[in-house]
Structures are given as C-alpha cells and as structure tokens.
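Taking it in order: structure first as structure tokens, then the write-up.
The values are calculated or read from the model by the stated rules, or taken from the named source; none is laboratory data. Note that the structure is predicted; figures quoted are calculated from it, not measured. Don't worry about glycine lacking a Cβ; one is built from the backbone with ideal geometry, like all the others, and counts go over all protein chains shown. When the accessible area is computed, the model is the full protein with side chains, heavy atoms only, and any ligands, DNA or RNA have been set aside. Shrake-Rupley method; radii C 1.70, N 1.55, O 1.52, S 1.80 Å.
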Amino acid sequence: MGAWGAGGFQNDTAMDYVATIETLEHIDQKLLEAETDEELPADLAAELIAAAECVAAMKGNHVADLPDDLGQKLKAFGAPSPELVGNAQDAVSTVLAGSELLDLWAQSDDRAAFNLAMTGLISRLNPDGKPQEQPAVQVEPAICVFCNKPIINEKIIELSFAQDLGFGEMTRYLPAHLSCANAALHPAHLIQIWEIDDALAETMADELYNEQEDD
C-alpha cells in the first residue's frame with residue numbers, strides 16, 4: 001500500500017508529481033488545473049496541494065518535510081509572483097470546497113490531521129503578518145474553549161452558541177484558536193481565512209478597471 005498522509009508531501013501521488021517539476025511553469029500549469037466545474041479527483045487534489053506547498057516554500061514558508069532536492073529547485077525559481085500565490089490560494093480553496101480527497105479525509109479517523117495540515121498551508125500562503133503594536137492597556141488573553149489555553153499571537157475565532165429560553169434567546173460567544181476549531185470540525189466546514197497580497201489586489205483592481213473600459 002502506498003504512502004498516505006495529511007501533508008502535501010506525504011503521499012505517493014504528490015511525490016510522483018513533484019518529481020516531474022523542472023520549471024516554474026510546471027507548478028503554475030498544475031495549479032490552473034483546479035479551474036474546473038467538476039469535482040476534483042483525489043489524485044489531482046493531492047497534486048494541487050503539493051503544488052501549493054511549493055509556492056509556500058518559494059515564499060520562504062516551507063514545511064519541515066520538504067524534500068531537499070525539491071527545495072533546491074524551488075530556491076532557484078526565486079520568489080513567487082503575486083499571481084502565482086493567488087493561483088495557489090484558489091487551488092487550495094477549490095480542493096476544500098469539494099473534492100474526492102476531502103471526502104476521503106472526512107471518512108478518516110485522522111481527519112483532524114488533514115484539517116490542521118490545510119490550516120497551516122493557508123497560513124503559509126497568506127502574506128507575512130506585520131508585528132502588532134502592543135496595546136496601551138494590557139488585557140488578559142482570551143482562553144480557547146477547546147484546549148483551555150490562552151490565545152496569544154493568533155487570530156481569535158469566536159463561535160456563537162444560541163439557546164432558546166422560551167422568553168428570548170441567549171447567545172454566547174466562545175473564543176478559540178483557529179487550529180483548535182479546525183481540528184474539531186468536519187473537513188467540509190474548515191474555516192479558511194485568506195488574505196490577499198497588496199500587489200495582487202492592485203493587479204486585480206487594474207484588470208477589473210480594464211474590463212470595464214473595454215465594455
């Protein structure tokens with residue numbers, strides 16, 4: 001039986017694909033295969049995740065198990081363009097929106113590992129965060145409802161819980177680490193927090209303006 005893991009480079013299909021990468025176009029062309037109206041087969045979805053991991057590595061945010069020979073190739077390609085990063089983000093989002101790979105992990109007892117791997121990939125593809133200024137007044141950090149630990153240096157996810165009391169509704173907001181919340185969710189409901197690079201946002205705005213001018 002072949003290797004099958006949650007990470008982008010932890011299954012045979014992904015490794016067979018990355019072995020064929022010789023140019024930057026091999027990555028971009030693969031990512032564009034996500035543009036389809038049909039459900040993505042598991043093998044293609046695994047290749048798309050591996051291609052997206054390659055883009056993350058080019059950004060300097062590689063996973064620990066990135067193959068050494070692949071890492072050398074990616075380093076030679078240089079930093080990815082905003083458009084390539086955008087294609088990688090779109091490909092991952094398409095896989096998570098509905099694919100055979102998602103269905104397989106949804107049936108697995110280890111689906112939390114897949115959720116966490118995808119959460120990490122999304123984070124690595126997002127623009128690097130800028131250091132946050134310390135607030136003038138220090139406040140106690142929120143406590144995650146899943147792990148009961150403080151939420152520090154991570155965005156707070158607030159889960160709402162509504163209860164009908166008969167005479168009205170009571171709503172509670174429960175803070176959580178993004179990783180803890182995603183680990184507990186069904187893969188189909190994975191919380192995706194995507195951020196767009198400023199350069200890519202400017203390019204998209206220019207393209208939209210040019211399309212309107214042409215019309």
### Task
Kindly indicate the residue of region 13-25 that is open to solvent by 70 Å² or more (accessible area, probe 1.4 Å) and not in a loop (DSSP other than H, G, I, E, B) and also nearest to GLU100 (Cα to Cα) among those meeting that condition.
ASP16
### Query
How many residues does region 72-99 hold that are on the phi > 0 side of the Ramachandran plot and touching a residue at least 24 places away in the same chain (Cβ under 8 Å)?
1
### Query
Is region 64-71 home to any residue that is in contact (Cβ under 8 Å) with a residue 12 or more places away in the chain, open to solvent by less than 30 Å² (accessible area, probe 1.4 Å) and touching a Lys or Arg at 6+ places or on another chain (Cβ under 9 Å)?
no
## Note on the structure
Reported set for region 40-71 where residues are of a type in the set (D, E, K, R) and either touching a Gly at 6+ places or on another chain (Cβ under 7 Å) or not in a helix (DSSP H, G or I) (or both) is GLU53, LYS59, ASP65
### Query
Among the listed residues GLN89, GLN10, GLN72, which satisfies the condition of being polar (S, T, N, Q), out of contact with any strand residue (DSSP E or B) (no Cβ under 9 Å at 6 or more places or on another chain) and over 18 Å from LEU121 (Cα atoms)?
GLN72
### Task
Taking the residues in region 138-161 that are at pLDDT below 85 and among the acidic types (Asp, Glu) as candidates, determine which candidate is nearest to HIS189 (Cα to Cα).
GLU154
### Message
Name the residue that is farthest from ILE191 (Cα to Cα), counting only residues in region 162-177 that are small (Gly, Ala, Ser) and surrounded by fewer than 11 Cβ atoms within 10 Å (Cβ to Cβ).
### Response
GLY166
